[in-house]
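Novice: There's a structure below that I have some questions on.
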Amino acid sequence: MAAASAVRTVGRRSRRIFDIFVAEVPWTVSSKELKEYFSQFGSVQRCQLPFDKDTGFHKRYGWIKFSTLQEVQNVLQKDSHVLEGAKLALKQQSHRRRSQRRNQHE
């Protein structure tokens, strides 16, 4: 019984996504450049920079998704992050995937 519980715990942990919300991103920085920068801290699973349909530029904020909490902590241990002369504002966000949240409410 304890082994089954341990397997469920590991399974739950593997379904978590660890995000960092990034603000004050210079409009000249692409999602590829942002991903490359944050890759020095761990394996970046996804980089999102939402675009404004009217201007065609990104909205100067986005999310960097890592697979482990340790990778997020690696990012947050550094005092400041500067890209193209602009200091990025970071905030840690941890949540479960949407499909997992739906299953919990059923």
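Novice: Under unit Cβ charges (Lys, Arg +1; Asp, Glu -1), what dipole magnitude, rounded to 20 debye, does region 19-92 have relative to its Cα centre?
Specialist: Charge dipole, region 19-92, about its Cα centre: 140 debye, nearest 20.
Novice: Within straight cross-link reach of Lys91, meaning Cα distance under 17 Å, which lysines are found once same-chain residues fewer than 8 apart are removed?
Specialist: Here the lysines satisfying the reach criterion relative to Lys91 are Lys35, Lys59, Lys65, Lys78.
Novice: List the residues, sorted by chain then number, that are 5 or more residues from His81 or on another chain and whose placed amide H is less than 5 Å from its amide H.
Specialist: Residues meeting the amide H criterion: Leu88.
Novice: Quick check: pseudo-label points 7 Å beyond the Cα along Cα→Cβ at Glu36 and Lys87, how many nm apart are they?
Specialist: Output for this residue pair reads 2.5 nm.
Novice: Work out from phi, with θ = phi - 60° and the Karplus expression 6.51 cos²θ - 1.76 cosθ + 1.60, the ³J(HN,Hα) of each residue of region 74-91, listed in order in whole Hz, and give x for Gly and Pro.
Specialist: After applying 6.51 cos²θ - 1.76 cosθ + 1.60, I find 4, 5, 6, 6, 6, 4, 8, 10, 10, 10, 6, x, 10, 7, 7, 9, 10, 8 Hz.
Novice: Report in % the part of the accessible area of region 19-92 that belongs to carbon and sulfur, leaving out ligands and nucleic acids; probe 1.4 Å.
Specialist: Carbon and sulfur together cover 48 percent of it.
Novice: Give me the 1.4 Å probe accessible area per residue for region 19-92, excluding ligands and nucleic acids, in Å².
Specialist: Normalised by residue count, the accessible surface of region 19-92 is 60 Å².
The values are calculated or read from the model by the stated rules, or taken from the named source; none is laboratory data. Being a predicted model, the structure only gives us computed values, none of them experimental. Backbone-built Cβ (ideal geometry, glycine too); neighbour counts: all protein chains shown. Just so you know, the surface numbers come from the protein's heavy atoms only, side chains and all, with ligands and any DNA or RNA stripped out. Shrake-Rupley method; radii C 1.70, N 1.55, O 1.52, S 1.80 Å.
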